Amino acid sequence: MLIWGLRRSSFGIAIGALVAWINYVWLKQGVEVLARVAVEQESSPQPRVPARVYFRFAGRFVLMGLVVYVSVYHFGVPLLAIICGLLALGAAAIAEGIYEVLGSWSCTNT
């Protein structure tokens, strides 16, 4: 029984990390398109934003909600494991930032 619990938790962390990555990619692509449209249509009185940008911005949250719902209620994956997976990219970015700051600080002191 313990092995099955560990598998479900591991599956939840993997699901959360994958959804977080897709969320990041869609956000990045949406911001890049908005920036490009803003530059291209700078002098236009009525700028037009592609519909796929709206879909990706809203779709991120719909995707996260659906994946969490299906994972928890259909597969019995622990919600806390999914939340840990969703936070994994942020934790990795913070750890990398601390590593870079400490690495540059130690190089200047030697």
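The values are calculated or read from the model by the stated rules, or taken from the named source; none is laboratory data. These numbers come from a predicted model, not from an experiment. In this analysis, Cβ positions are derived from the backbone assuming ideal geometry, glycine residues included, and neighbour counts consider all displayed protein chains.
Exactly one residue among VAL37, VAL19, VAL70 is in contact with a helix residue (DSSP H, G or I) (Cβ under 7 Å, 6 or more places away or on another chain) and not acidic (Asp, Glu), and that residue is VAL19. Taken over the stretch 58-78, the criterion of being surrounded by 13 or more Cβ atoms within 10 Å (Cβ to Cβ) and either more than 19 Å from GLY90 (Cβ to Cβ) or without any contact (Cβ under 8 Å) to a residue 12 or more places away in the chain (or both) is satisfied by GLY59, SER71, VAL72, VAL77, PRO78. Taking the listed residues ALA93, ALA81, the one that is of a type in the set (Gly, Ala, Ser), modelled with pLDDT of 85 or more, assigned to a helix (DSSP H, G or I) and loosely packed, with under 15 Cβ neighbours inside 10 Å is ALA93, with no other qualifying.
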